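Q: Okay, here's the structure, questions in a sec.
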Amino acid sequence: MSSTTSTSADQPTFRGSSLQLKNLCMAYGDIPVIRDVSLEIAPGTTTCIIGPSGSGKSTLLRGINRLHEPSSGGVLLDGEDALRVRPDVLRRRIGMVFQHFNLFPDHTALENVALALWKVKGMPKSEATERARRRLTEVGLGERADHRPRDLSGGQQQRVAIARALAMEPEVMLFDEATSALDPELVKGVLTLMAGLCERGMTMAVVTHEMGFARRVADQVVFMDEGEIVEAGRPEDLFDNPRSARLQRFLSEVL
Amino acid sequence: MDFLDNLVKTFFDVDSMLTVAPQLLTVGLVNTLVISAASTVIGLVLGMVVAVMGISTSRWLRIPARIYTDLFRGLPAILTILLIGQGFAKFSQSIFGPSPYPLGIIALSLIASAYIGEIFRAGIQSVDKGQLEACRALGMNYGRAMVLVVIPQGVRRVLPALVNQFIAIIKDSSLVYFLGLLVSERELFRVGQDAAVNTGNLSPLVLAGIFYLIVTVPLTHLVNYFDQRFRTGRRRPTAPTSGLKEVTELDAVSPLTTGSNT
Ligand SMILES: Nc1ncnc2c1ncn2[C@@H]1O[C@H](COP(=O)(O)OP(=O)(O)OP(=O)(O)O)[C@@H](O)[C@H]1O
Ligand SMILES: [Mg+2]
C-alpha cells in the first residue's frame, strides 16, 4: 500500500521506523485502561485504530510516546526499548497530531513550526526558520506562514500542526482523531495530506473515525474495545468480514 | 452659609494646598511611586516563584507555597508591616542603615507576592492542557514548555488583575508611615498628614488624595482597556471566506490530492 508512486520532486520521502507494542498495559490510578495490547507496525506502513468512544485509543497513543507512562509491557521503536530512553529524547523521534491542533496561539504558523527546531533541536534560528518555511510550503501553507492560528481555518491549523510534527523529522507519526474537529469540507484536505505521508514512507498510527480513510489508506486496521484489541488485520478483512460480534455491531453503528 | 464656609476651609483651603503642593509632588509622590514600583517588581518575581511552586506535582514545593500564600493574604497588611518593619529593624540596620524604608518595601513585597502568586497560578492553570501536551510531544522538558509556551500565555491573561494589584499596592504603600520614615522618605499620605497637623485643616490630605487619584484612576481605565482587548481577542475583521477555496488551493499544491478520495 505504501508504495512511492506519485511522489513529486519537492515532497521528501521519509524513513519510517518500525513500532512494536508488547503486552502493553496502562492505567489511570488503579483503573486499568489498556489491557495487554500487542501490536506490530512495520516500517513505512499505516495502522488505523478504530473503536468506540472510551475504548482507550487515545490512551494507547499517549502510551507510545509516554505522555502517559505504561504500567507494564514494552514499546519498541526501531527495535529499541522505548521505555528505557529518556522520554524527552523519545518524543523527538515520534510526532504527534492532536484533535484540537494545540498550536501555540501567540505565535505565527512559521514560529509554531520553528520553535521546537530552535529550542529543542538546537538549530540556529535562521536554519530553523528556513526549514519551517519549507515544511509549511509542503503542506500548502507557504503563503500563510505569518498568520496566527486564530486567523487560519481549522483545516489550515491542523496542517500547520502536521508540519510542526514533521519538521522534527520523526520516525513515527501518531494521529489522534486529527479530523474530528474539522468542518466537513476541510476534512478531505487533511486526510489527503496524511495519505501522502503514508505513501512517502512514514510509519503512522492513526486513530480515526473516518472509515473510508482507514479502508483506503491503512495497511492494517485495529479494532479496540474496552482497552483491548478485539480484531486486527487488513482493512478489507475487517470491514468486509468482521468476525467478532463487537466489531459487527460497531461497524453497523458507524457505517 | 457658615457651614459651607467651614467646609471649604476644612477641606479645600487653597492656601494650605498651595503650600504643601511642592512637597507632595517632589517628596510624597516620588516616594509613593518608588515604594510601590519596587514592591511590585519584587512581588512579581516572588509571586512567580510561589505560583510555579504552587502548581508543582511535588507536595514539598506545593505545601510551603500554600502556607506562604495563606499567611500573607490572611494577615492584615498593617500587622505584617509592623512585625517585619520593627522585628527586623536591627538586622536591617546592618545592611541598609537606620532607615525603615527598605523594610517597608520588603514587607509590602511579601504581601504583594502572595496575591500576585495566586493571580499567576490562576492564569497559568487556565491555559489549555493541550499546550503543555503539544510541547511535551515535541520533546520539550517541563521547564522549557512552561517558560516558552504556558507561562507567557497565562501571564498575558491576567494582566488586568496584575494592574489591579498594582493599584492596591499604591494604596497600601501609605501604611509604611507607621514605621516612622525620615523627612525625605515620607510618601504622599505622610506628607499630607504632617501638613494637615501644621495647618490645622484637612486640605493637605485632600490634595494628597487627589494625587493618589491622579495615579490610580488612569490605571483603572488601563485595566478596562486590557480587559476588553483580551476578552474579545484581537481578531481582525476579515471578509467571509469559503472553505471551498481552501480545498482548491490544496489541490493545486499537492499532486497527491487528485485521485480517489471517497
Ligand atoms: N486523564 C484521565 N484520567 C482518568 N481517566 C481517563 C483519563 N483519560 C481517559 N480516561 C478514561 O480512560 C478510558 C479511555 O479513554 P480514551 O480517551 O483513551 O478513549 P478513546 O478511545 O480515545 O475515546 P474517544 O473516542 O472518546 O476519544 C475512558 O474510560 C476514559 O474515561
Ligand atoms: Mg480519544
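Q: Among the residues of the stretch A:230-255, count how many are crowded, with 20+ Cβ neighbours inside 10 Å and either within 16 Å of ligand 2 (Cβ to nearest atom) or within 23 Å of A:PHE98 (Cβ to Cβ) (or both).
A: So the count comes out to 1.
Q: When you go through (1) in contact (Cβ under 8 Å) with a residue 24 or more places away in the chain; (2) in a helix (DSSP H, G or I) one by one for B:MET53, which number turns out not to apply?
A: In the conditions (1) in contact (Cβ under 8 Å) with a residue 24 or more places away in the chain; (2) in a helix (DSSP H, G or I), B:MET53 misses (1) alone.
Q: Same structure again: Residues in the stretch A:84-128 that are buried (at least 22 other Cβ atoms within 10 Å of the Cβ) and more than 7 Å from every other protein chain (Cβ to nearest Cβ): how many?
A: Count: 12.
Q: Looking at A:ASP78, is it under 16 Å from A:PRO170 (Cβ atoms), open to solvent by 40 Å² or more (accessible area, probe 1.4 Å), touching a Ser or Thr at 6+ places or on another chain (Cβ under 7 Å) and touching a residue at least 12 places away in the same chain (Cβ under 8 Å)? Explain how you work it out, then say what you get.
A: On the way: under 16 Å from A:PRO170 (Cβ atoms): yes; open to solvent by 40 Å² or more (accessible area, probe 1.4 Å): yes; touching a Ser or Thr at 6+ places or on another chain (Cβ under 7 Å): yes; touching a residue at least 12 places away in the same chain (Cβ under 8 Å): yes.
Judged against the criteria, A:ASP78 is a match.
Q: Can you tell me which residue among B:SER99, B:SER113 is crowded, with 23+ Cβ neighbours inside 10 Å and either more than 14 Å from every other protein chain (Cβ to nearest Cβ) or on the phi > 0 side of the Ramachandran plot (or both)?
A: That would be B:SER113, the only listed residue that is crowded, with 23+ Cβ neighbours inside 10 Å and either more than 14 Å from every other protein chain (Cβ to nearest Cβ) or on the phi > 0 side of the Ramachandran plot (or both).
Q: Right, something else. Of the residues B:ASP70, B:ASP13, only one is more than 21 Å from the chain's Cα centre (by Cα) and farther than 17 Å from B:LEU108 by Cβ; which? Give the derivation first.
A: Details: B:ASP70 fails: more than 21 Å from the chain's Cα centre (by Cα).
The conditions single out B:ASP13.
Q: Same structure again: Name the one entry in B:LEU108, B:LEU132 that is buried (at least 23 other Cβ atoms within 10 Å of the Cβ) and closer than 28 Å to B:ILE63 by Cα.
A: Answer to the selection: B:LEU108.
Q: Among the residues of the stretch A:112-128, write down those that are over 10 Å from A:ALA167 (Cβ atoms) and among the charged types (D, E, K, R).
A: Of everything in the stretch A:112-128, those that are over 10 Å from A:ALA167 (Cβ atoms) and among the charged types (D, E, K, R) turn out to be A:LYS119, A:LYS125, A:GLU127.
Q: Looking at the stretch A:13-67, which of the residues that are aliphatic (A, V, I, L, M), over 20 Å from A:GLU171 (Cβ atoms) and open to solvent by less than 70 Å² (accessible area, probe 1.4 Å) is farthest from ligand 1 (Cβ to nearest atom)?
A: Going residue by residue through the stretch A:13-67, those that are aliphatic (A, V, I, L, M) are A:19, A:21, A:24, A:26-27, A:31, A:33-34, A:37, A:39, A:41-42, A:49-50, A:60-61, A:64, A:67.
Subsequent filtering for residues that are over 20 Å from A:GLU171 (Cβ atoms) retains A:26-27, A:31, A:33-34, A:37, A:50.
Then keep just the ones that are open to solvent by less than 70 Å² (accessible area, probe 1.4 Å); that gives A:26-27, A:33-34, A:37, A:50.
On the way: A:MET26: 9, A:ALA27: 9, A:VAL33: 4, A:ILE34: 8, A:VAL37: 12, A:ILE50: 10 Å.
Of everything passing the filter in the stretch A:13-67, A:VAL37 is farthest from ligand 1 (Cβ to nearest atom).
Q: Restricting attention to the stretch A:47-83, which residues are within 14 Å of chain B (Cβ to nearest Cβ) and away from ligand 2 (no atom under 14 Å from the Cβ)?
A: Correct list: A:ASN65, A:ARG66, A:GLU69, A:LEU77, A:ALA82.
Q: Give the stretch A:202-231 a look and list any residue that's without any contact (Cβ under 8 Å) to a residue 60 or more places away in the chain, within 14 Å of chain B (Cβ to nearest Cβ) and more than 14 Å from ligand 1 (Cβ to nearest atom), or say none.
A: A:GLY212, A:ARG215, A:ARG216
Q: I need the full set of residues from the stretch A:181-201 which are of a type in the set (Gly, Ala, Ser) and at the interface with chain B (Cβ under 9 Å from one of its Cβ atoms), in order please.
A: To start, the set of residues in the stretch A:181-201 that are of a type in the set (Gly, Ala, Ser) comprises A:181, A:189, A:195-196, A:201.
Across the stretch A:181-201, the qualifying residues are A:GLY189, A:ALA195, A:GLY196.
Q: Additional query: Within the stretch A:91-112, can you find the residues that are touching a strand residue (DSSP E or B) at 6+ places or on another chain (Cβ under 7 Å), more than 16 Å from ligand 1 (Cβ to nearest atom) and not basic (Lys, Arg)?
A: A:ILE94, A:GLY95
Q: For residues in the stretch A:157-180 being within 22 Å of A:ASP78 (Cα to Cα) and within 16 Å of ligand 1 (Cβ to nearest atom), which is nearest to the other protein chains (Cβ to nearest Cβ)?
A: By that ranking, first place goes to A:LEU174.
Q: So, in the stretch A:181-210, of the ones that are polar (S, T, N, Q) and modelled with pLDDT of 95 or more, which residue ends up surrounded by the most Cβ atoms within 10 Å (Cβ to Cβ)? Explain how you work it out, then say what you get.
A: So the first thing to find is which residues in the stretch A:181-210 are polar (S, T, N, Q), and the list is A:192, A:203, A:208.
Then drop every residue that is not modelled with pLDDT of 95 or more, which leaves A:203, A:208.
Details: A:THR203: 28, A:THR208: 23.
Applying the filter and picking the extreme gives A:THR203.
Q: Out of the stretch B:68-103, which residues are hydroxyl-bearing (Ser, Thr, Tyr) and in a helix (DSSP H, G or I)?
A: B:TYR68, B:THR69, B:THR80, B:SER92, B:SER94, B:TYR101
Q: State which residue is nearest to A:GLY140 (Cα to Cα) when the search covers only the stretch A:171-180 and only residues that are open to solvent by less than 10 Å² (accessible area, probe 1.4 Å) and away from ligand 2 (no atom under 16 Å from the Cβ).
A: A:MET173
Q: Taking the criterion of being part of a helix (DSSP H, G or I), free of Cβ contacts under 8 Å to residues at least 12 places away in the same chain, open to solvent by less than 10 Å² (accessible area, probe 1.4 Å) and in contact with a Gly (Cβ under 9 Å, 6 or more places away or on another chain), would at least one residue in the stretch B:137-144 satisfy it?
A: The answer is yes; a qualifying residue exists.
Q: Hey, another quick one. Looking only at the stretch B:149-174, count how many residues are under 28 Å from A:ILE162 (Cβ atoms) and open to solvent by less than 40 Å² (accessible area, probe 1.4 Å). Before the answer, list the steps.
A: Taking the stretch B:149-174 and keeping what is under 28 Å from A:ILE162 (Cβ atoms), we get B:149-154, B:156-157.
So of that shortlist, the ones also open to solvent by less than 40 Å² (accessible area, probe 1.4 Å) come out as B:149-151, B:153-154.
Residues in the stretch B:149-174 being under 28 Å from A:ILE162 (Cβ atoms) and open to solvent by less than 40 Å² (accessible area, probe 1.4 Å): 5 in total.
Q: Which one is farthest from A:LEU90 (Cα to Cα), of the residues in the stretch A:162-201 that are part of a loop (DSSP other than H, G, I, E, B) and hydrophobic (A, V, I, L, M, F, W, C)?
A: The extreme case among them is A:LEU182.
Q: Follow-up. Of all residues in the stretch B:14-67, how many are of a type outside the set (Gly, Ala, Ser), more than 30 Å from B:VAL158 (Cβ to Cβ) and open to solvent by less than 40 Å² (accessible area, probe 1.4 Å)? Give the derivation first.
A: Pass one, the stretch B:14-67, residues of a type outside the set (Gly, Ala, Ser): B:14-15, B:17-20, B:22-27, B:29-35, B:40-42, B:44-46, B:48-50, B:52-53, B:55, B:57, B:59-64, B:66-67.
Next, from what is left, pick out any that are more than 30 Å from B:VAL158 (Cβ to Cβ): B:14-15, B:17-20, B:22-27.
This time we only want the ones that are open to solvent by less than 40 Å² (accessible area, probe 1.4 Å), so: B:17, B:20, B:24, B:27.
Counting residues in the stretch B:14-67 that are of a type outside the set (Gly, Ala, Ser), more than 30 Å from B:VAL158 (Cβ to Cβ) and open to solvent by less than 40 Å² (accessible area, probe 1.4 Å) gives 4.
Q: Can you find a residue that is in contact with a His (Cβ under 9 Å, 6 or more places away or on another chain), at pLDDT below 95 and within 16 Å of ligand 2 (Cβ to nearest atom) anywhere in the stretch A:140-160?
A: Within the stretch A:140-160, not a single residue is in contact with a His (Cβ under 9 Å, 6 or more places away or on another chain), at pLDDT below 95 and within 16 Å of ligand 2 (Cβ to nearest atom).
Q: If you check A:ALA214 against the conditions, is it within 16 Å of ligand 2 (Cβ to nearest atom), among the hydrophobic types (A, V, I, L, M, F, W, C), surrounded by fewer than 19 Cβ atoms within 10 Å (Cβ to Cβ) and more than 20 Å from A:LEU24 (Cβ to Cβ)?
A: Answer is no for this residue.
The values are calculated or read from the model by the stated rules, or taken from the named source; none is laboratory data. Treat the numbers as computed from the prediction; the structure is a model and nothing was measured. For neighbour counting, all protein chains shown are included, and Cβ atoms are generated from backbone atoms with ideal geometry for every residue, glycine included. When the accessible area is computed, the model is the full protein with side chains, heavy atoms only, and any ligands, DNA or RNA have been set aside. Shrake-Rupley method; radii C 1.70, N 1.55, O 1.52, S 1.80 Å.
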